[in-house]
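For reference, the structure discussed in these notes is given below.
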Amino acid sequence: MHRSLPRPLAMAIFIGMLQVPAQAALNAVDPGAYVAANGGFPAWYQDNHGRALDLCLTKAVSSRVAGAPGAPAYMCTLLPTPGVFDDTQPIVFPGNFPDEAFWFTADAAIVDASRGINLSYGTAVEAAFASGEPLAGDQVSFARVRIRVDVPTAGTYVITHPYGVEVFDVAAGGRRAINMTRDIGIAGAGDFSGALKGDVGPFLRSVNGPYSEGSERFIGDPNLEERVTGSPFKTNFVRIEGPGGIDLRTELFAVSGKLSDVALPTPLMPQRSTYSRHTENGDLRAQQDIFVMAPPPPASVSLTSQAPQLNLSEANGTGAWYAQSVLNPSVGAVLTLNADNRAAIPTSSPTIANVPLTDLVTIIQAQYRLSTGQLTLVASSSDETTPPVLTARTGNGTLIGDLSGDGALKSLNTSLSPIPPAKVTVTSASGGSDTEDVVLVP
């Protein structure tokens, strides 16, 4: 699936009508320095579950699958290229170095001749060269999702895979009637952060791994097809649905990736920390809601800024954590969170993050009347006992004014011309904010 990169490097991207990407799929990349032993590439990428994979250049071979003459069963995806890379010789940059190398690969296939379906799926975090062949200063990296399918007839096809859902309207059946390659991350040479924004991650890994070959450990054996885990959507399969009742799937992948020994902090990405309070029958009702992304169990996440500490819960193995505290907060409070993934990755270290606690602001109405130039805003704060000041701005930050009202629900009517704002943002003096598109009426 991977020996198809054109030279010089170019991307032909055929994107489906619908894409559901992962969020914060990769967490970090080796900041350098980048050495010749790795071809001038980063030594590792880390996903948001805390696993770091080295650039897979070792010639360790599988102890589970025998190689064929001239084709060793490498644990890394090492692709010989005549005149460029001879895998029987020592790897030396740039004289004998792969023109494509990988931190991670996962490939799957669905073939059903009776239905006219031949699907190949490949995903990777890849190292390559802008001009095609190994050259200092030409190094690029990217996260790839590739789907190629022979289909029997025209129609709408839906493909679900570990990193999203793609919908294709196919005009006519035939070979590679679906042909999508999405490479995210290619930028100027030496900038390897772009792949962090791709769709790939967390890294899929064999349910039977990790595998050890000598002192090296791997998340899978690319010489085997096995079930995997790690999809951020719990879709650890590839499925194609289409006209005439086509509904085929596979849960088998060939996966490669060498686990790194680098010691890294546990990923911790706060999503939301808000409070609300109101009075009910004369009694104060208060709560704090904390949402974070972190590695799933056996990792742990706790709120340590209160006593006793509050342990967050994770429900579905995707790394989404939540907890609620009923303590009455102080306006402007700062919460301290601790994430610890050493139970799964002994080389990791706990991460402590301080996050502000804010109210939750909700814009209920944002309307602009074209005939009068009148903007109407209605918004609320989750703090009903001490309602904060709410201030409105346009999408570009221009001040509109303060909303007014006696309670937590406040409004603003003002003339705003000559053109309406596309968006408005309402910000609370207690730190919360909300942004919405403005609805235009005659």
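The values are calculated or read from the model by the stated rules, or taken from the named source; none is laboratory data. Predicted model, so just to flag it, every value in this text is computed and none were measured. Cβ placement follows ideal geometry from the backbone for every residue including glycine, while neighbour counts extend to all protein chains displayed.
The table for this structure:
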quantity: Qualifying position, being surrounded by fewer than 16 Cβ atoms within 10 Å (Cβ to Cβ), among the hydroxyl-bearing types (S, T, Y) and within 28 Å of T123 (Cβ to Cβ), among S215, S231; calculated: S215
quantity: Filter result for T376 (within 22 Å of A408 (Cα to Cα), among the hydroxyl-bearing types (S, T, Y), assigned to a loop (DSSP other than H, G, I, E, B) and not assigned by TED's automatic domain parsing to the domain that holds Y275); calculated: no
quantity: Conditions (1) touching a His at 6+ places or on another chain (Cβ under 8 Å); (2) crowded, with 16+ Cβ neighbours inside 10 Å: number failed by S380; calculated: (1)
quantity: Qualifying residue in region 214-237 (condition: modelled with pLDDT of 95 or more, over 20 Å from the mean Cα position of the chain (by Cα) and either within 15 Å of A344 (Cα to Cα) or in the same structural domain as G407 (by TED's automatic domain parsing) (or both)); calculated: yes
quantity: Only listed residue being exposed (fewer than 15 other Cβ atoms within 10 Å of the Cβ) and of a type outside the set (F, W, Y), chosen from R175, R182; calculated: R175
quantity: Residues that are farther than 15 Å from T274 by Cβ and either at pLDDT below 90 or of a type in the set (K, R) (or both), drawn from region 308-329; calculated: A315, N316, G317, T318
quantity: Residue within region 190-197 that is part of a loop (DSSP other than H, G, I, E, B), at pLDDT below 95 and in contact with a Lys or Arg (Cβ under 8 Å, 6 or more places away or on another chain) present; calculated: no
quantity: Hey, D283 surrounded by 19 or more Cβ atoms within 10 Å (Cβ to Cβ) and farther than 28 Å from K234 by Cα or not; calculated: no
quantity: Restricting region 324-350 to residues that are closer than 13 Å to A307 by Cα and among the hydroxyl-bearing types (S, T, Y), the residue that is farthest from the chain's Cα centre (by Cα); calculated: S325
quantity: Residues that are small (G, A, S), over 20 Å from R227 (Cβ atoms) and assigned to a strand (DSSP E or B), drawn from region 101-140; calculated: A101, A127, A128
